[in-house]
Amino acid sequence: MEPQMDMQQLFAAAQQMQEQLMSAQQALADAEVTGTSGGGLVKATVNGQGELMDLTIGAGAVDTDDPEETARTIADLVLAAVRDAYRSAEDLQQQQMGPFAAAMQGGGMPGMPGGGGGLNLPGGLDLSSLGIGAPAHEHEDPDDEDKPAT
C-alpha cells in the first residue's frame, strides 16, 4: 500500500514549488542572451522574457559607396540577429520554466482515485527535505555561451 501524503506535506510541497517558480521567473527577468549575425557585425540582446534590450551594428556593416544596399543588408542582419536572440531567450525560458509545466501536466496526487501515484516532479525540484522522493540531481547546461552566428 502506498503511503499517504498528509495535507501539511502537500501544502509544504506546493509552497516550495511556488517559491522555486518565482525564483525561476526572476532569473528569467534578470537574464540576458545575445544573438548575432553577419559574423558578429550585428548583435541583438534580449532579456529572458524576450524584450529587446540592446542592438549593436558594427561599422563594418556599412558600405558608404552603396547606401541603399547597405540599408537592406543592415535590415536583414538586424532581423537575423534579433531572431537568433529570441531563439536563445526561448531556449532559456524552456530550460527555466519547462520543469514547472511538466509538473503541472504530470501524474496525479498520491492516494487520490485515478491518480498516477505521485506528483511527477521534475529533477530540479528537491522535496527530499520534506521526506518526499529522492534528492534531485542538479542539471547544468554546458552551453552557457551565446549561440554561434548563423
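The values are calculated or read from the model by the stated rules, or taken from the named source; none is laboratory data. Please read these numbers as outputs of a predicted model, since none were measured by experiment. When we count neighbours, we look across all protein chains shown, and the Cβ atoms used for this are built from the backbone with ideal geometry, even at glycine. Surface areas here come from the heavy atoms of the whole protein model, side chains and all, with no ligands, DNA or RNA. Shrake-Rupley method; radii C 1.70, N 1.55, O 1.52, S 1.80 Å.
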Give me the distance in nm between label points sitting 7 Å out from Cα along the Cα-to-Cβ direction at A61 and A102, one decimal. 3.7 nm
Could you order F100, F11 by accessible surface area, starting with the largest, using a probe radius of 1.4 Å? F11, F100
A correct Karplus calculation of ³J(HN,Hα) over the range 14-30, with 6.51 cos²θ - 1.76 cosθ + 1.60, θ = phi - 60°, whole Hz and x for Gly and Pro, returns 5, 5, 5, 5, 5, 5, 5, 5, 4, 5, 5, 5, 5, 4, 5, 4, 7
In whole percent, what relative contact order does the range 1-52 give with Cα contacts below 8 Å and a gap of six or more residues? 25 percent
Not counting ligands, DNA or RNA, and with a 1.4 Å probe, what is S23's accessible surface area in Å² rounded to the nearest 10? 70 Å²
Surface accessible to a 1.4 Å probe, T64 within the full protein complex, Å²: 120 Å²
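Short version: what are the Cα gyration tensor semi-axes of the range 1-94, square root of 5 times each eigenvalue, largest first, in whole Å? Walk me through the intermediate numbers first.
Details: eigenvalues 439, 22, 11 Å².
For the range 1-94, the ellipsoid semi-axes come out as 47, 11, 7 Å.
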By how many nm would the segment from Q49 to Q15 grow when fully extended, if each residue of separation counts as 0.36 nm and the alpha-carbon distance is taken off? 9.9 nm
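Subtracting the Cα-Cα distance from 0.36 nm times the residue separation, let me have the gained length for A71 to S23 in nm, one decimal.
Working: separation 48, 0.36 × 48 = 17.28 nm, distance 4.19 nm.
Between A71 and S23, full extension yields 13.1 nm more.
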